[in-house]
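*Asks:* Got a structure for you, written out below as structure tokens; questions coming shortly.
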2 protein chains.
Amino acid sequence: MHERFAAKRPATVADVAAAANVSKAAAARALGGYGSVSSAVKLKVLEAARRLDYRPNELARTMATGRSGTIGVIIGDIENPFFGSAVRGLSDCAAQSGFDVILSNSDETIATERAAVAVLLAKRVDGLIVAPATMHDKAHLEDARAQGCPLVLLDREAPGLLVDVAIVNNQEAARDATQLLILADHRRIAYVTATAAADVSYESPEQIALATVRSRITGFLEASTLAGLPEPGRYIRLGANNTATAQAIIADLLSAPDRPTAIVASDSKIALEVFRAAKGLGLAIPRQLSLVAFDDADWTSVVSPAVTVVAQPSYQLGFEAARMLIERIGGTRTEPRRCILATTLIKRESTASPPMRGDF
Amino acid sequence: MHERFAAKRPATVADVAAAANVSKAAAARALGGYGSVSSAVKLKVLEAARRLDYRPNELARTMATGRSGTIGVIIGDIENPFFGSAVRGLSDCAAQSGFDVILSNSDETIATERAAVAVLLAKRVDGLIVAPATMHDKAHLEDARAQGCPLVLLDREAPGLLVDVAIVNNQEAARDATQLLILADHRRIAYVTATAAADVSYESPEQIALATVRSRITGFLEASTLAGLPEPGRYIRLGANNTATAQAIIADLLSAPDRPTAIVASDSKIALEVFRAAKGLGLAIPRQLSLVAFDDADWTSVVSPAVTVVAQPSYQLGFEAARMLIERIGGTRTEPRRCILATTLIKRESTASPPMRGDF
DNA sequence: ACTATAATAGAGACCGGTCTCAATACCAAA
DNA sequence: TTTGGTATTGAGACCGGTCTCTATTATAGT
């Protein structure tokens, strides 16, 4: 009979006030640490609170103050190590400033993203960090802003949306990675990426709704045309969104008679599938196929050959996004800022000159 | 002058009611879809709501009803693929039932975990899913329950805490994995795990605060003693919590004169470090060193040799945890349930008989 | 001692929903 | 037309905090 399974109603300020024989307002002040309270009252109240095991109802506080101490985060896919690390960074930063984080997965679909924004807005988060699934459909983001909810874009820009962004220079990164391959005499270079697309093959930039992917392809094409490669777009493949389709796309690419001699993989999951496909087809990396991948996933340095990667500062990206957001929440009303972090091209063992040099 | 940057106060039921010329109560009923409203009033209200771009304040609703439609989740480390996948599973399940998820990282430290519980409770989540950092310190979990907040444990039990759990049979899984090595004639088998511990070496089960790890070590020892291995505990190593210390521990283990001929890695991150260390020391897997790892991380099937693993149904673990929790929230008051999912020992290429058979 | 000023206490409105309850409107049956 | 019953409506309390505003008390200054 020891109050087990009690589920007794938690104590409120009113309860504490009654127990301490002071007014609700006085108790609230003592508990909330605002206004002015005599030390005698404070003592009584704190003691009563302890006795009743009082815990403030954060919701009620939020209602009254308008501030929730929470930031909402919407990313594409938790299981992608890039986002895992970014979330880590942003949580760490948020925690430092006493904010906590509500996380939502958009599954890279705009409908889910829109719903998530609505939910988070309804929960009255103090700010929003979003990695938008598409750069086109941004009405929901715009009216978050219109409602006065600060917004920071993570990893992906949305042209025309005048908000803070934390990104890397994808175009430059892709250009450099491609140039590395070109310098090794590759002339048939593929770019495989995971973005929603009606068709697997590449027609024009407008086709691509993901800012990050579009920039990278621009960089890839830039390096390619600069080097005078013929039809540089012909080896671009979109839509490698999951293991199965990625595998199909890559296998198809590598079994063609004029198969590419090098592949740029747009993320570590795709790189993994390239590895798997090469193994399956008996293609030796880097002797018969060179590989450069985005994201320095932990396994890339351990496999043989170790994979040459474009390392992205994902943790910092998240951290900076949170930092900027919290600054905004603090009230700084300045021009939108673009926090552009540097990528690092880490040369390892997965690139070499193509077989049968000069052939194409 | 087009209401840009307006941050205008969002419309409330009262606003809508006024605009529709009905009482606040009537508008609330029309909007909330409860009580009874004439279709005439309903129409007027909905129209007014549309015009004013009304969005319900979820917080106010929660305050009034006591239900938040949110479940709180506390895990050890987002960056661990195991948890990434579990979170995915539990989010998917929650979404199906219209719940959303607040996620917190405990960093595997009890203090952070306690703080996280407090925050989530204060935010009045409808239920809690926790992967407790330790099985000892469970007061915070107990009083979540005492406050009437349903609780489900994910992946890790806490003996004495009578709540639903979604786990695997770690003891059995570890026993089977160890036996696989024993059958291949290994007699010096190491177990490397990432749990907080004062000392790296193993003394007794009491030393280990993580339910999962303790069970696995029990299984490991069980198989070892059954096979009559001498001092089976001498190759157990604790505290491999991050890359650096894991690397140190493994290197130390493998450079000893009577080094183990096989290693069981308690998670994929450790397996990766074993891989790295073996490469560094010039030890060939599996010829000179066999490896079995927990968790079927994506890279394990791609590296050479592919790693033999104990695959855990992490997605389902998360999904089931959420399913049970939501059932509890629904009000079913039954005995605590233990949902025990099966692991799968996937034999690949990283195990073989030890070199110089018979030596020890 | 007697005001001027500051510190503290209490009452009650407010945030934006839900929900109870009493009052009114509407309908069919008698 | 009167009655009984149901559908709809509006007023206002409530959730648990914050916060403003007034009343009271304490402290200081001359």
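*Asks:* Quick one: which residues, 5 or more positions from B:G127 or on another chain, have an amide H under 5 Å from its amide H? H modelled 1.01 Å from N in the peptide plane, none for Pro or chain starts.
*Replies:* Correct list: B:G72.
*Asks:* Say the dipole of chain B comes from +1 at the beta carbon of Lys and Arg and -1 at that of Asp and Glu; which of B:A11, B:Q207, B:G282 then lies farthest toward its positive end?
*Replies:* My answer, from the dipole projection, is B:A11.
*Asks:* Name all residues of the range A:309-328 having a backbone nitrogen under 18 Å from the label point set 7 Å from the Cα of A:C339 along its Cα→Cβ direction, giving them as ranges.
*Replies:* Residues passing the 18 Å test: A:312-328.
*Asks:* Given a 10 angstrom Cα cut-off, can you work out which residue in B:Q171, B:Q96, B:Q312 is the most mobile in a GNM of chain B?
*Replies:* B:Q96
*Asks:* What is the antiparallel percent of DSSP beta bridges lying wholly in the protein assembly as shown, to the nearest 5?
*Replies:* Working: 8 of 74 bridges.
Percentage antiparallel, nearest 5: 10.
*Asks:* If R0 is 30 Å, what FRET efficiency do you get for B:Q207 and A:T243 from their C-beta distance, rounded to 0.05? Each step should come with its number before you reach the end.
*Replies:* Values: r = 40 Å, r/R0 = 1.33.
The computed FRET efficiency comes out at 0.15.
*Asks:* Which percent, to the nearest 5, of DSSP beta bridges fully inside chain B are antiparallel? Spell out each step's value before the answer.
*Replies:* On the way: 4 of 37 bridges.
Of the beta bridges lying entirely in chain B, close to 10 percent run antiparallel.
*Asks:* If you don't mind, another one. Shortest first and in nm to one decimal, what separations exist between A:A306 and its copies in the other chains, measuring from label points 7 Å along the Cα-to-beta-carbon line?
*Replies:* 2.6
*Asks:* Let me ask something additional. Taking R0 as 22 Å, what's the FRET efficiency between B:D185 and B:L281 from their Cβ-Cβ distance, rounded to 0.05?
*Replies:* Values: r = 22 Å, r/R0 = 0.99.
The value I calculate is 0.50.
*Asks:* Tell me the Kirkwood hydrodynamic radius of chain B in angstroms, computed as one over the mean inverse distance between distinct C-alpha pairs. Spell out each step's value before the answer.
*Replies:* Numbers: mean 1/r = 0.0433 Å⁻¹.
Its Kirkwood hydrodynamic radius stands at 23.1 Å.
*Asks:* What is the dipole size for chain A, taken about its Cα centre, with +1 at each Lys and Arg Cβ and -1 at each Asp and Glu Cβ, in debye to the nearest 20?
*Replies:* Numbers: 39 positive and 39 negative charges, 294 e Å.
Computed about the Cα centre, the dipole is about 1420 debye.
*Asks:* From the P(r) of the range B:187-267, can you give the percent of Cα pairs sitting at distances over 16 Å? Don't jump to the answer; show the numbers that get you there.
*Replies:* Working: 1486 of 3240 pairs.
For the range B:187-267, the share of Cα pairs beyond 16 Å comes to 46 percent.
*Asks:* Related question: For the protein assembly as shown, build the charge dipole from Cβ charges (+1 Lys, Arg; -1 Asp, Glu) around the Cα centre, then report which of B:S353, A:A49, A:P132 sits farthest towards its positive end.
*Replies:* Farthest towards the positive pole: A:A49.
*Asks:* Run the count for chain B, please: Lys pairs, Cα-Cα under 30 angstrom, 8 or more apart or on different chains.
*Replies:* Final tally of qualifying lysine pairs is 12.
*Asks:* With charges only on Cβ, +1 for K and R and -1 for D and E, what is the dipole size of the protein assembly as shown about its Cα centre, in debye, rounded to 20? Present the calculation step by step, with values, prior to reporting the outcome.
*Replies:* Numbers: 78 positive and 78 negative charges, 407 e Å.
Dipole size: approximately 1960 debye.
*Asks:* Something else now. For chain A, what is the mean residue ellipticity at 222 nm derived from helices alone (per DSSP H run of n ≥ 4: -39500 (n - 2.57); sum divided by total residues; nearest 500 deg cm²/dmol)? Provide the component values of the computation, followed by the final result.
*Replies:* Values: 12 runs with 149 residues, N = 360.
It lands at -13000 deg cm²/dmol.
*Asks:* Same structure again: What residue among A:A64, A:A306, A:A174 has the largest mean-square fluctuation in a Gaussian network model of chain A, using Cα springs under 10 Å?
*Replies:* A:A64
*Asks:* Residues of the range A:47-78 losing 40 Å² or more of accessible surface, assembly versus chain alone, probe 1.4 Å, please list them.
*Replies:* So the qualifying set is A:R55, A:N57, A:E58, A:L59, A:M63, A:I78.
*Asks:* Under a 10 Å cutoff between Cα atoms, tell me which one of B:L43, B:L283, B:L180 has the largest fluctuation in the Gaussian network model of chain B.
*Replies:* Checking each option, the largest mean-square fluctuation is seen for B:L43.
*Asks:* Summing +1 for each Lys or Arg and -1 for each Asp or Glu, what net charge is found among the other residues whose Cβ lies under 13 Å from the Cβ of B:D92? Please report the intermediate quantities before stating the final value.
*Replies:* Numbers: positive: B:R88, B:R323; negative: A:D77, A:E79, A:D107, B:D100, B:E320.
Computed value for this residue: -3.
*Asks:* Now, a different point. State, in angstrom, two size descriptors of the range B:13-56 derived from its alpha carbons: Rg to one decimal place and Dmax to the nearest whole number.
*Replies:* Rg then Dmax for the range B:13-56, in Å: 8.7, 23.
*Asks:* Just tell me, in residue order, which DSSP H segments of chain B are both 15 angstrom or longer along the helix axis (alpha-carbon based) and at least -1.0 in mean Kyte-Doolittle hydropathy. Intermediate values should be presented prior to the final figure.
*Replies:* Working: long enough: B:39-52 (19 Å, 0.29); B:81-96 (23 Å, 0.37); B:110-122 (18 Å, 1.60); B:170-183 (19 Å, -0.10); B:211-226 (22 Å, 0.38); B:243-255 (18 Å, 1.12); B:268-281 (19 Å, 0.54); B:314-329 (22 Å, 0.18).
Span-like helices here: B:39-52, B:81-96, B:110-122, B:170-183, B:211-226, B:243-255, B:268-281, B:314-329.
*Asks:* OK, next. Placing the label point 7 Å from Cα along the Cα-to-Cβ direction, what are the distances from B:G32 to the equivalent spots in the other copies, shortest first, in nm to one decimal?
*Replies:* Ordered by increasing distance: 2.4 nm.
*Asks:* At B:A244, with labels set 7 Å past Cα in the Cβ direction, how many nm apart are the copies from this one, shortest first?
*Replies:* Reported distances to equivalent positions: 4.4 nm.
*Asks:* Going by a ≥ b ≥ c, the root eigenvalues of the Cα gyration tensor, does the protein assembly as shown fall in the rounded group (a/c under 1.5), the prolate group (a/b larger than b/c) or the oblate group? Intermediate results must be reported in sequence, preceding the final value.
*Replies:* Values: a/c = 2.25, a/b = 1.24, b/c = 1.81.
Cα axes put the protein assembly as shown in the oblate bin.
*Asks:* Next question, about the same structure. At a probe of 1.4 Å, how much accessible area disappears from chains B and A on forming the pair, both sides counted, to the nearest 100 Å²? Show your work: numbers first, answer last.
*Replies:* Working: alone 17650 and 17640 Å², together 30770 Å².
Result for this pair: about 4500 Å² buried.
*Asks:* Hey, rough spin-label estimate for B:A198 and A:A256, points 7 angstrom out along Cα→Cβ, what's it come to in nanometres?
*Replies:* Rounded to a tenth, the inter-label distance reads 6.5 nm.
*Asks:* Ok, one more. With r defined as the distance between the Cβ atoms of B:A227 and A:E349 and R0 fixed at 30 Å, what FRET efficiency is calculated, to the nearest 0.05? Walk me through the numbers on the way to the answer.
*Replies:* Values: r = 40 Å, r/R0 = 1.33.
According to the calculation, E is roughly 0.15.
*Asks:* To the nearest 20 debye, what is the magnitude of the charge dipole of the range A:13-56 about its Cα centre, counting +1 on the Cβ of each Lys and Arg and -1 on the Cβ of each Asp and Glu?
*Replies:* On the way: 7 positive and 3 negative charges, 13 e Å.
Computed about the Cα centre, the dipole is about 60 debye.
*Asks:* What is the range A:170-312 by shape, rounded, prolate or oblate, if you read a ≥ b ≥ c off the alpha carbon gyration tensor as root eigenvalues and call it rounded for a/c under 1.5, prolate for a/b larger than b/c, and oblate otherwise? Show your work: numbers first, answer last.
*Replies:* Details: a/c = 1.26, a/b = 1.17, b/c = 1.07.
Note, shape of the range A:170-312 comes out rounded.
*Asks:* Could you let me know the centre-to-centre spacing of the range B:175-215 and the range B:59-88, using Cα atoms, in angstrom?
*Replies:* For the range B:175-215 versus the range B:59-88, the Cα centre distance is 32 Å.
*Asks:* Mind checking the mean number of beta-carbon atoms from other chains within 10 Å of the Cβ atoms in B:301-313?
*Replies:* The per-residue average across the peptide is 2.
*Asks:* For B:V200, what charge total do you get from the other residues with a beta carbon under 15 Å from its beta carbon, if Lys and Arg give +1 and Asp and Glu give -1?
*Replies:* Values: positive: B:R234, B:R237; negative: B:D199, B:E203, B:D252, B:E273.
It works out to a net charge of -2.
*Asks:* Net charge around A:P260, counting only other residues with Cβ within less than 11 Å of its Cβ (Lys, Arg = +1; Asp, Glu = -1)?
*Replies:* Result for the neighbourhood of A:P260: +4.
The values are calculated or read from the model by the stated rules, or taken from the named source; none is laboratory data. Here the structure is a predicted model, which is why all the values come from computation and not from measurement. FYI the Cβ positions are ideal-geometry reconstructions off the backbone, even for glycines, and counts take in every protein chain you see. Only protein heavy atoms, including side chains, enter the accessible area calculation; ligands, DNA and RNA are left aside. Shrake-Rupley method; radii C 1.70, N 1.55, O 1.52, S 1.80 Å.
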